[in-house]
Amino acid sequence: MRIDPEEYVELVLTCVEQIPRGQVSTYGAIAEAVGEVAGGGGPRQVGSIMASYGGPVPWWRVVRADGSLPPSHQGEARQAYLEEGTPLRPSGNVDIARALFRPRLDVPGPPRPGGRVNAAGPGRPSRGAAPGSGAPTSRRPR
């Protein structure tokens, strides 16, 4: 099943919201979870979505496969890791072996008309994070 880009954004952000304090997920693990529902995508697409729409979600909990973040975000992320008790390696990267969380998207019932999946879940409004919608465009938390 293929879904439209806005639905893909919703699925990615839903995965990020599942990551508990003190744990992280990788761009690849999120792409894998979303791909099972959306029928495609990859880590780079997840990274692009996080760069454009990740401000309102705990962006620091999404890291590269080696446990690192882009250098421009390491300072803010490190503070969040220390506050949340996220396991770190001596290098400063997250200890993936101890902190990895694999998100799952359990979408109940059949797809809505048009093959769309309600990523927001029952009773939860959509973020409406379409380009030009005024949605936050930085990774920095609010």
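FYI, it's all coordinate maths here, none of it is from the lab. Source: prediction; values computed, not measured. Neighbour counts run over all protein chains shown; Cβ positions are idealised from the backbone, glycine included.
Can you give the local net charge around ASN93? Use residues other than it whose beta-carbon is closer than 13 angstrom to its beta-carbon, Lys and Arg +1, Asp and Glu -1.
+2
Peptides 85-95, 38-48: what's the order by average Cβ count within 10 Å, highest mean first?
Result, highest mean first: 38-48, 85-95.
I want to make sure I understand the PRE zone here: with the label point 7 angstrom from the Cα of ARG104 toward its beta carbon, which residues in the stretch 11-41 have backbone N atoms less than 13 Å away?
It comes to 33, nothing else.
Tabulate in residue order the Karplus-calculated ³J(HN,Hα) for the stretch 11-28, using 6.51 cos²θ - 1.76 cosθ + 1.60 with θ = phi - 60°, rounded to whole Hz; enter x for Gly and Pro.
Listing the rounded values in order: 5, 4, 5, 4, 4, 4, 5, 6, 5, x, 3, x, 10, 9, 10, 10, 4, x Hz.
Once you place label points 7 Å from the Cα toward the Cβ at ARG21 and ALA97, how far apart are they in nm?
If labels sit at ARG21 and ALA97, their model points lie 2.7 nm apart.
Report the equivalent ellipsoid semi-axes for the stretch 5-115 in whole Å, largest first, defined as the square roots of five times the eigenvalues of the gyration tensor built from alpha carbon atoms.
26, 13, 12
Quick one: which of 25-34, 50-59, 63-72 comes out on top by average Cβ neighbours within 10 Å, and what's the full order, highest first?
25-34, 50-59, 63-72
Using the eigenvalues of the Cα gyration tensor, what equivalent ellipsoid semi-axes result for the stretch 1-65 when each is taken as the square root of five times the eigenvalue, whole Å, largest first?
18, 12, 10
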